[in-house]
Amino acid sequence: MALHKQTAYVALPDRVLAVDTASGAVTTAVTSEAEPLVKLTPNLENGFPAPFVTGAESPLVLTTFFVHQPGVGTQAPRVFLEFTAIPTAAGATPWRMPLELPEWTKRSQSPIASSVVGVSGKVAVFTLSPTQPTISAGATTYAVDLDSHRVLWTKDLFQAASVTDGVVTGEKWDKADSDYSAAAGYDLATAAEKWRAEDRINLSVKPAGPHLILATAKNKSDFRIQYRQLLDPTTGKVKRDLPDDLPGSDCAHDGASTLVCAGRSLESYVWAVDDTSGAVRWQLPDKNAGRIAPQVTAVWHGRIYGKTGDGPLTLDARTGADLPTRPGIAPYLVNEYIGLALSEPGDALTAYPTNG
């Protein structure tokens, strides 16, 4: 699910629904033109990748469908991908781009996921990858020109993670089914390699705001050596080696100057870093101060939304301080118009107006 103003866009295997959060009215924004192929979509327990809403003057909602076209006459049946762009403007017509699936998808032992990674200017980047990378057969990244509706380039054995300052960053393998991969960056316009780090094992590359990426991995010759580094996406240089006591996490940028990372092991934890220098600003829990960490649900405009056993709360993303006004809900998606939260009991999705 993705938010744009007062509309929530919900991805399903064969369509994108547009939900008016003010009234609850549901319309179909677009459907796939061919038969949806559910077996190639992501693991149903984890849902489907959220649509991506561009930040352009005339925003588009970008998504992909795996589809099947039956054979007709001598024309053989085929499975392909529909890259789909849905204008947010009322009455505008969506457009689709059919794309052949790469050969590695036919031998993959894992279901295949497709997700839009990012957009810069008029170029969108999306990636195909297995949902279970431990049995990976490959990965492919595409760059699409949103004006001319054509593919600028594709790169096999590369799983993109972010688009920053004209550079596409992610994980690169030398060959399919290799145990080793490297963080790498490629020019958005030409796919020329800008930088490549050392080969490592169990690598994960994730976006970390507008100025950083987060790379976690193990040394390929000594698994006891672990790396958790914030890298400059334009050069690949290490901006910060993270402390050993900060666990691996899912991270989100607050829209201001802070990267907020949260997760749970034996207990919940939250930590925050400066989005340019990578310096750690604060972390929870803080036993010396008698503070626990909340379960973080959303991060937006300098605020962290979450909940503890005592109910919903907000924190200042820059300082980690509790904010005095309790929000009443712990939204999972929020913008200047609306907050979407799960109400209890029953986990029904409910929309609440925000104060901007």
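Restricting attention to region 308-321, the residues that are charged (D, E, K, R) and either surrounded by 13 or more Cβ atoms within 10 Å (Cβ to Cβ) or touching a residue at least 60 places away in the same chain (Cβ under 8 Å) (or both) add up to 2. Could you check, for region 51-64, whether at least one of its residues is in contact with a helix residue (DSSP H, G or I) (Cβ under 9 Å, 6 or more places away or on another chain) and without any contact (Cβ under 8 Å) to a residue 40 or more places away in the chain? Taking every residue of region 51-64 in turn, none turns out to be in contact with a helix residue (DSSP H, G or I) (Cβ under 9 Å, 6 or more places away or on another chain) and without any contact (Cβ under 8 Å) to a residue 40 or more places away in the chain.
Criterion applied to 274, 241, 232 was being touching a residue at least 12 places away in the same chain (Cβ under 8 Å) and either within 17 Å of the chain's Cα centre (by Cα) or closer than 24 Å to residue 123 by Cα (or both), and the one residue passing it is 232.
Screening region 84-114 for residues that are assigned to a strand (DSSP E or B) and either of a type in the set (Ser, Thr, Tyr) or under 17 Å from the mean Cα position of the chain (by Cα) (or both) and picking the one that is modelled with the highest pLDDT gives 84. Of the residues making up region 10-31, those that are in contact with a strand residue (DSSP E or B) (Cβ under 7 Å, 6 or more places away or on another chain) and touching a residue at least 60 places away in the same chain (Cβ under 8 Å) are 16, 21, 29, 30.
Per-residue answers, yes or no, for (1) outside the structural domain of residue 19 (by TED's automatic domain parsing); (2) under 17 Å from residue 66 (Cα atoms); (3) surrounded by 17 or more Cβ atoms within 10 Å (Cβ to Cβ):
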{"position": "83", "(1), (2), (3)": "no, yes, yes"}
{"position": "126", "(1), (2), (3)": "yes, yes, yes"}
{"position": "131", "(1), (2), (3)": "yes, yes, no"}
{"position": "146", "(1), (2), (3)": "yes, no, yes"}
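Restricting attention to region 319-333, does a residue exist that is in a strand (DSSP E or B), in contact with a strand residue (DSSP E or B) (Cβ under 8 Å, 6 or more places away or on another chain) and within 30 Å of residue 23 (Cβ to Cβ)? Yes: region 319-333 contains one or more residues that are in a strand (DSSP E or B), in contact with a strand residue (DSSP E or B) (Cβ under 8 Å, 6 or more places away or on another chain) and within 30 Å of residue 23 (Cβ to Cβ). For first residues located in region 162-180 and assigned to a loop (DSSP other than H, G, I, E, B), partners that are at pLDDT below 95 and loosely packed, with under 13 Cβ neighbours inside 10 Å and lie 6+ apart or on another chain with Cβ distances below 9 Å form the pairs 176/107; 177/135. Does residue 320 satisfy being at pLDDT 95 or above and at positive phi? Criteria met by residue 320.
Would you please name the residue that is nearest to the chain's Cα centre (by Cα), looking only at residues in region 65-83 that are among the polar types (S, T, N, Q) and outside any loop (DSSP other than H, G, I, E, B)?
Filtering region 65-83 down to residues among the polar types (S, T, N, Q) leaves 69, 74-75.
When the remaining residues are screened for being outside any loop (DSSP other than H, G, I, E, B), the result is 69, 75.
Values: 69: 29, 75: 37 Å.
Across region 65-83, the extreme among qualifying residues is 69.
Which residue is modelled with the lowest pLDDT, if the candidates are limited to region 115-172 and must be closer than 22 Å to residue 204 by Cβ and of a type in the set (Asp, Glu)? Going through the qualifying residues, I end up with 165. Scanning region 4-37 for residues that are buried (at least 17 other Cβ atoms within 10 Å of the Cβ), at pLDDT 90 or above and farther than 14 Å from residue 86 by Cβ gives a single hit, 21. Taking the stated definitions as given, is residue 148 farther than 14 Å from residue 60 by Cα and assigned to a strand (DSSP E or B)? In short, no. Please determine whether any residue of region 193-202 is within 30 Å of residue 57 (Cα to Cα), within 21 Å of the chain's Cα centre (by Cα), touching a residue at least 40 places away in the same chain (Cβ under 8 Å) and assigned to a strand (DSSP E or B). There is no residue in region 193-202 that is within 30 Å of residue 57 (Cα to Cα), within 21 Å of the chain's Cα centre (by Cα), touching a residue at least 40 places away in the same chain (Cβ under 8 Å) and assigned to a strand (DSSP E or B). Filtered by the rule that a residue be over 19 Å from residue 170 (Cα atoms) and either surrounded by 17 or more Cβ atoms within 10 Å (Cβ to Cβ) or of a type in the set (Gly, Ala, Ser) (or both), region 243-256 gives 254, 255, 256.
Out of everything in region 240-291 that is farther than 18 Å from residue 216 by Cβ and assigned to a strand (DSSP E or B), what residue ends up being modelled with the lowest pLDDT? Per the criteria, the residue is 268.
With respect to residue 282, determine if the residue is in contact with a Ser or Thr (Cβ under 8 Å, 6 or more places away or on another chain) and either aliphatic (A, V, I, L, M) or more than 22 Å from residue 171 (Cα to Cα) (or both).
Working: in contact with a Ser or Thr (Cβ under 8 Å, 6 or more places away or on another chain): yes; either aliphatic (A, V, I, L, M) or more than 22 Å from residue 171 (Cα to Cα) (or both): yes.
Against the criterion (in contact with a Ser or Thr (Cβ under 8 Å, 6 or more places away or on another chain) and either aliphatic (A, V, I, L, M) or more than 22 Å from residue 171 (Cα to Cα) (or both)), residue 282 qualifies.
The values are calculated or read from the model by the stated rules, or taken from the named source; none is laboratory data. All figures in this text were calculated on a predicted structure; none of them were measured in a lab. A quick note on method: Cβ atoms are made from the backbone with ideal geometry, for glycine too, and the neighbour counts reach across all protein chains shown.
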